[in-house]
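Take a look at the structure set out below.
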Amino acid sequence: MMANFFDQFMSPVFLGIPLIALALSLPWVMFPRPSTRWQHNRTLTLQNWFMNRFTQQIFQPIPATGHHWALILMSLMIFLLTLNMLGLLPYTFTPTTQLSMNMAMAVPLWLATVITGMRNQPTHALGHLLPEGTPTLLVPILIVIETISLFIRPIALGVRLTANLTAGHLLIQLIATAAFQLFPLMPTVALTTAVLLFLLTLLEVAVAMIQAYVFVLLLSLYLQENV
C-alpha cells in the first residue's frame with residue numbers, strides 16, 4: 001500500500017529523467033491524423049464528427065471575428081479530455097492534477113482574450129468593469145471588485161480543474177484501499193465496496209469529460225465578452 005495517498009500525484013521519474021513530457025505528448029500520438037483521402041475509416045469519421053459538433057456548439061454565440069480561435073480551443077479540448085481519461089487507467093499519471101500545469105494553460109489563454117478585447121474594442125472591454133446605472137458613490141468600489149474578479153478568472157480555471165480531478169483520484173484510492181483491506185476480514189462488505197468503486201469510476205469518467213468541457217467553455221465565454 002502507498003505510504004502517502006498523494007504519492008500518486010508525483011511526476012514519475014525513470015533513470016533520473018521526469019516523464020511528464022512523455023505524458024503530455026501521448027495524447028497527440030493516439031489520435032489519427034487527417035488524410036487527403038475522399039473516404040475515411042470509422043475512427044477518423046467519428047473524430048471529425050465530434051470536432052465539428054463541438055466547434056459548432058462552442059462558437060455559435062461567438063461573432064465571426066472570434067472564429068479563428070476554433071483551432072486553439074478544439075485542440076485544447078482534445079488535449080484535456082485525453083489526459084483526464086488516460087489518468088483513470090491503472091499505473092498512470094494525470095498531468096492535469098498539477099496546479100502549475102493548469103495555471104500555465106489558463107493564464108496565457110485568459111490573458112489572450114483580455115488583450116484581444118483591449119486591442120479591438122477597448123471601450124467595450126473596460127465597460128465590463130462598471131455596470132451601467134451604477135450610483136456615483138459605488139463607482140470606485142465596483143471598479144475594484146470587478147477588477148479583482150477579472151484577475152481571479154484564470155485562478156478559478158486552474159483550481160477548478162485541479163481540485164475536481166484530485167478529489168476524484170483520492171476518493172478512488174481511498175475506496176480501493178478499503179476494499180483491499182476488508183476482503184480478508186469481511187468479504188461481503190469488500191464486494192459491496194468494490195461495486196461502489198466501480199460506480200465511482202464511472203462517475204469519474206463523466207467528471208473527466210465534463211471538466212475538460214467546462215475549461216474550454218469558460219474560455220469561450222471570456223472570448224465572447226471580448227469580441
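The values are calculated or read from the model by the stated rules, or taken from the named source; none is laboratory data. Keep in mind that this is a model prediction, so the values were computed, not measured. In this analysis, Cβ positions are derived from the backbone assuming ideal geometry, glycine residues included, and neighbour counts consider all displayed protein chains. Accessible surface areas use protein heavy atoms only, side chains included; no ligands, DNA or RNA. Shrake-Rupley method; radii C 1.70, N 1.55, O 1.52, S 1.80 Å.
Considering helices alone, the calculated mean residue ellipticity of the chain at 222 nm is -24500 deg cm²/dmol, with DSSP H runs of length four and up weighted by -39500 (n - 2.57) and normalised per residue. Here the relative contact order of segment 81-217, from alpha carbon pairs under 8 Å that lie six or more residues apart, stands at 32 percent.
For the chain, what is the accessible area per residue in Å² when the probe is 1.4 Å? Intermediate values should be presented prior to the final figure.
Details: 14320 Å² over 227 residues.
For the chain, the per-residue accessible area is 63 Å².
Quick one: grab the alpha carbon gyration tensor of segment 157-219, order the square roots of its eigenvalues as a ≥ b ≥ c, and give me rounded if a/c is under 1.5, else prolate or oblate depending on whether a/b is larger than b/c. Prolate shape, in that a/c is at least 1.5 and a/b is the bigger ratio.
Within 10 Å, count the other beta carbons around each residue, average over each peptide in 96-107, 9-20, and list them highest first. Can you show the working numbers first?
Details: 96-107: 18.5, 9-20: 11.0.
Descending mean neighbour count gives 96-107, 9-20.
Shape call for segment 35-126 from the C-alpha gyration tensor, a ≥ b ≥ c root eigenvalues: rounded (a/c under 1.5), prolate (a/b greater than b/c) or oblate? Note, shape of segment 35-126 comes out oblate.
Note down the relative contact order for segment 1-142 as a percent, whole number, built from C-alpha pairs under 8 angstrom at least six residues apart. Please report the intermediate quantities before stating the final value.
On the way: 59 pairs, mean separation 31.3, N = 142.
With pairs under 8 Å counted, the relative contact order is 22 percent.
Any chance you could run the full-extension gain for L15 through N41? It's 0.36 nm times the residue separation minus the Cα-Cα distance, nm to one decimal. Show your work: numbers first, answer last.
Working: separation 26, 0.36 × 26 = 9.36 nm, distance 3.96 nm.
The span from L15 to N41 would gain 5.4 nm if fully extended.
Just checking the listed ones, N120, N164, N41: in the Gaussian network model of the chain with Cα springs under 10 Å, the one fluctuating most is N41. For the pair segment 199-227 / segment 112-134, the C-alpha centres are spaced 25 Å from each other.
Coupling constants for segment 207-212 follow from the phi torsions by the Karplus curve (6.51 cos²θ - 1.76 cosθ + 1.60, θ = phi - 60°), and in residue order they are 5, 4, 6, 5, 5, 5 Hz; glycine and proline get x. When each of the peptides 202-213, 44-55 is scored by how many other beta carbons lie within 10 Å of its residues on average, the order from highest to lowest is 202-213, 44-55.
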